[in-house]
Amino acid sequence: MTETRSPRKVLILGALSAMAAATARRLADRGSDFVITGRNADALERAAKDLKARGAASVAIQTLDLLETGSADAVMAQAVEAMGGLDTVLVFYGILGNQAQAETDPQEAERIIAVNYSSAVHWVMAGARALEAQSGPNRVLLTASSVAGDRGRRSNYVYGSAKAGLSVLMQGLAHKWAAQENAPRAVNLKLGFVDTPMTDGIEKGGPLWAKPDDIAAIAERALTKGGPNVYAPWFWRFIMLAIRGTPAFVFNKVNL
Amino acid sequence: MSQAFRSQTAKRSWGRVVEAHHDVAKPESPTEAVAILSEVANRKMSALPIGLGRSYGDSNLNPDGALIETTRLDHYIGFDPKTGVLRAEAGVSLNDLLRVVVPHGWFLPTTPGTRYVTLGGAIANDVHGKNHHIAGSFGSHVLRFTLARTDKGVLDVDPETPGDLFAATIGGLGLTGLILDVDLQLVPIRSAFLDQHVEPLRNVDAFFEIAEARAADYEHTVAWIDCTARGDRLGQGVFTSGNWAASGGLTPHDAKSGPGLPVDAPGFALNRLTLRAFNMTYRRSQLLKPRNSRVHYAGFFHPLDAIRDWNRLYGSRGFYQYQSVIPSETAREATREMLDLIARSGQGSFLAVLKTLGDRPSPGLMSFPMRGVTLALDFANAGSKTTALLADLDAIVKTAGGRLYPAKDGRMPADIFQQGYPEWERVEALRDPALSSAFWRRVTS
C-alpha cells in the first residue's frame, strides 16, 4: 500500500453534506477510522453503516449542532480518544442562504455569516490545536470554501464574504504552519458549482458542474499535497483569475 | 409544486427516442422516499420509481407524470465478507457494489452487460447475464427487500411473504412499489479475472452446436453476430466462453469511467458500410488474439461501459433496441428467420448478441428469461422504416411463442406483450395504484 492510500483517523465536521459523504467513502475504502458529526442522528447512523460496509475500521458518531462552538475542544478530545489519535480534520459544512432575504432580514445575513464563517473559525482553531498536539505524519486540516469568496458579486455577496473570511483564515494558518518543523498542513478547497442537494434549486448542466465525487477525489489528493488554496475543479483558478482581473466598469455590467 | 419534485422538460431513456416532461424527485434517504410516496398519494399523482435510467425505451418514463429517482438511496446497510450476504439501499449501483465486494472475493451472482444499473433496477427488470444457463436471473439471488407503497405502507418482503408480492416485484418494472433496500446473496470468486475462450462462428448452425457444447464446460457464454452476413454465412460471428480464473488478484475495476462522447454523432455515422466495417473489425480483432486469454471482469462483462454515453453514437434521433427470447423448440428456425430479415433489410445493428438461456426458473411473474435463445440488437431510429422492420420481427417472435424484453422496449404492441407474459394480470392486480409508466399503459390497454 502506498503512503497516500494509508488509513487515516478522520474527524468530519458536517459529515452529511454530499461532498463530505463522498470524501468519507474514499477514505473508508482504505480502512480509516472516523468520527462523524452532524445534527441528524438517524442520518449519521445510516452514514456510519455505509462507511463500515465500505471498509472503515471504525465509525463513531457525535450528534451536534456546529453552531454550538463552546464544545469544540471537547469534541476534538473525544475524537482523539475514540480513534486513538487524529490526523485529519475535514470542515465540510455550509449553507448558501438567501441573498435577497439577507438584504432585508438581518437574521438571514447573520445566519449565513454564523454558519459559513464565525462558527467555522472556532472549529478550525480547535482542529488546529488538536492536530498540533498530535505528532504523527501527514496531519491535515481541510476546509470547504468557495470561489464566491474571490470577488463579491450581487447574487451572493453575503455568502461570498463569509467564504472569503474562511479562505483568508486558512491561508493564515497555512502560513503559520509553513514556518514550523513537522507541523500539520492547512488546505482550503475553493469550490465552484457542485451538483448536490444544496444546489438542487439551481438549473444544472454544462461542463462547469462537478459531481460530489469529483470534489472528493480532489479533497483526497489534497490530503497529501497541494494547497493552501486548491480550486476544485482546477479550471476555476483560471475562471476566477479572469473574474478578479475584470475592470469594475465591465464587471458592473455583468449580471453574476 | 412541492419542494420534493422539480420539473424536467426533456427527460429521455437510454434509447433517446422519446423526450418528455416529468416532475422528478430525488429522495435523499429512505425516510424521505416514503414521505414522497405519501405526497404522491395525497396529490393523486402518477409516479414511477426509476434508477439510473438505462432501460432503453419507455418502461422508465412516465410522461407528464412524476419520476422518483433512487440514485441518492446509495448507502450500504451491511456486508458480511464471511457469508457474502449484502444489504444495501436500492439506489446502490452495480458499479459501486463491485468495487466494494470484489476485494473481499465476492461477485454479483449474475451481471447484465452494464454496471450502471441500480439494485432496484436489477430487480425490477430481473436482469440476466452470460451465466444465465447456470445461475438463472438476478431475482433468483434476492433474499428479501423492503418495499414502500402508497396504499400499504412499508413492507418487508421475502419469497415466503403471502400474496405474490415478492414474485410480482421481481421483473415488476417498478410498478408494485418503491424498493428501499435489498438483501442479496453474492457468489465467491478467487480472482477478478476470467479465463476466456474465443472462437469463430461460421454461421447460425454453428452457433447452436457450439453453444450447447460450451454450456457444459463454461459458466459464461455469449456470441457476437455480424448482422450483415447472408446466405451460408448468415449468423457468422465469434463465440466467447469464460470461467472465473483461480488466480490473478482481486482488483476491482477502475472507479473512473472511460472517455465519453461529448456530442451526438451525426446521422450518417452509422450506415450500412460503417456497421459492416465495425462488425468485421470487431470480429477480426477478437480472432487475432490468442484463442485463450485471461481478461478482467470489466472487459469480459461490461465492454461498453468503457465508453460513457455510447448511446449518443446513434445520433439525435436515438435508437431502438430489440431483444427477444425464443423457446428452445422453435429457436433455431426463428433465429435464422430473424437474422435473415435483418441482413436483408440493410438496417444491420451495431451490436448483435446471441445467447442460450437456461431452464432455472425465476421467482418473478414477469421475468423475461426462459429456456431458449435470446437475440439482442440495436437499430438506429430511421422512422417508419425501422418500426416496420421491428413489426416484422414481432411476427416471427409471436409465431415462435417467444417474448420481448420490456427493459429494452419502447414500442411492442399490447398483444405481443400479453401473449409473452401471461401472468401480467397478476402483477396488475398487485400494482401500486399510484405507480405507472408509459410502457405499462401501452401494453395493458
_Just want the ordering: A:TRP209, B:TRP224, from fewest to most Cβ atoms lying within 10 Å of their own Cβ._
A:TRP209, B:TRP224
*If you rank B:SER191, B:SER38, B:SER247 by fewest surrounding Cβ atoms within 10 Å, what's the result?*
B:SER247, B:SER38, B:SER191
*Using 17 Å as the cut-off for backbone N distance, which residues of the range B:59-84 belong to the label zone defined by a point 7 Å from the Cα of B:GLU19 along Cα→Cβ?*
B:61-64
*If the label point is 7 Å along Cα→Cβ of B:GLU32, which residues in the range A:3-22 have backbone nitrogen under 17 Å from it?*
A:14-22
*What FRET efficiency do you get for B:ASP151 and B:ARG317 if R0 is 60 Å and r is their Cβ-Cβ distance, rounded to the nearest 0.05?*
0.90
*asked:* Taking the Cα centroid of the range B:359-381 and of the range A:204-220, what is the distance between the two, rounded to the nearest whole Å?
replied: 37
_A:LYS253-A:ARG39 pseudo-label distance in nm [points 7 Å out on the Cα-to-Cβ vector]_ = 4.3
*Reachable lysines from A:LYS190, criterion Cα separation under 17 angstrom, eight or more residues apart if same chain*: A:LYS163, A:LYS211, A:LYS225
*If the cut-off is a Cα-Cα distance under 29 Å, which lysines reach B:LYS152, setting aside same-chain residues fewer than 8 apart in sequence?*
A:LYS49, B:LYS26, B:LYS44
*Under unit Cβ charges (Lys, Arg +1; Asp, Glu -1), what dipole magnitude, rounded to 20 debye, does the protein assembly as shown have relative to its Cα centre?*
2120
*Centre separation in Å (Cα based) which lies between the range B:1-59 and the range A:1-58*: 30
*Between B:ALA395 and B:ARG230, what length in nm is gained on full extension when 0.36 nm per residue of separation is reduced by their alpha carbon distance?*
57.3 nm
*Measure off 7 Å from each Cα along the Cα-to-Cβ vector at A:GLN101 and A:LEU208, then give the distance between these two points in nanometres to one decimal.*
2.4
*What is the distance, in nm, between label points placed 7 Å from the Cα along the Cα-to-Cβ direction at B:ALA382 and at A:ALA74?*
7.5
*How big is the shadow of the Cα convex hull of the range A:3-251, averaged over all directions, in nm²?*
13.7
*R0 = 30 Å: FRET efficiency of B:SER247 with B:ARG360, Cβ-based, nearest 0.05?*
0.55
*Just order A:243-250, A:173-180, A:44-51 by mean Cβ neighbour count inside 10 Å, highest at the front, would you?*
A:44-51, A:173-180, A:243-250
*Rg/Rg_globular for the range A:192-234, with Rg_globular taken as 2.2 N^0.38 Å and Rg from C-alpha atoms*: 1.25
*asked:* Highest mean first, how do A:234-240, B:183-189 rank when packing is the count of other Cβ atoms within 10 Å averaged over residues?
replied: B:183-189, A:234-240
*What's the extension gain from B:ASP217 to B:ALA255 if we count 0.36 nm per residue and subtract their Cα-Cα distance?*
10.5 nm
*For the range A:3-251, calculate the relative contact order in percent as a whole number, restricting contacts to Cα pairs under 8 Å that are 6 or more residues apart.*
18
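Readers should treat all values here as calculations from the given coordinates under stated rules, not as data from a laboratory. None of these values were measured; they are calculated from a predicted model. Every residue, glycine as well, gets a Cβ built from its backbone with ideal geometry; the counts of neighbours run over all protein chains shown.
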